[in-house]
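Beneath this line is the structure, given in structure tokens, with notes to follow.
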């Protein structure tokens, strides 16, 4: 039987931080991307259990909060 691995997506424009995240979460599968656009592509192509999102991207009008509002879509209706 295969073991389920928790998948984490880190979206941050700080390259050093993106390199450190897999070291911090060494027991998890971590993908890191430096832009919101790449983060959206990753979410569209894969399922992630956890998303670590930088709320302030330097040199861009995009912000993590805008991204989280755009991508917040219910996957299923809540059970009663």
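A short reminder: the numbers here are calculations on the coordinates, not readings from a lab. Remember, predicted model here, so these are calculated numbers, not experimental data. Backbone-built Cβ (ideal geometry, glycine too); neighbour counts: all protein chains shown.
Taken as Cα centroids, region 30-44 and region 1-24 sit 11 Å apart, rounded to the nearest whole angstrom. For the peptides 9-20, 41-52, residues were scored by their other Cβ atoms within 10 Å and the scores averaged per peptide; the highest-first order is 9-20, 41-52.
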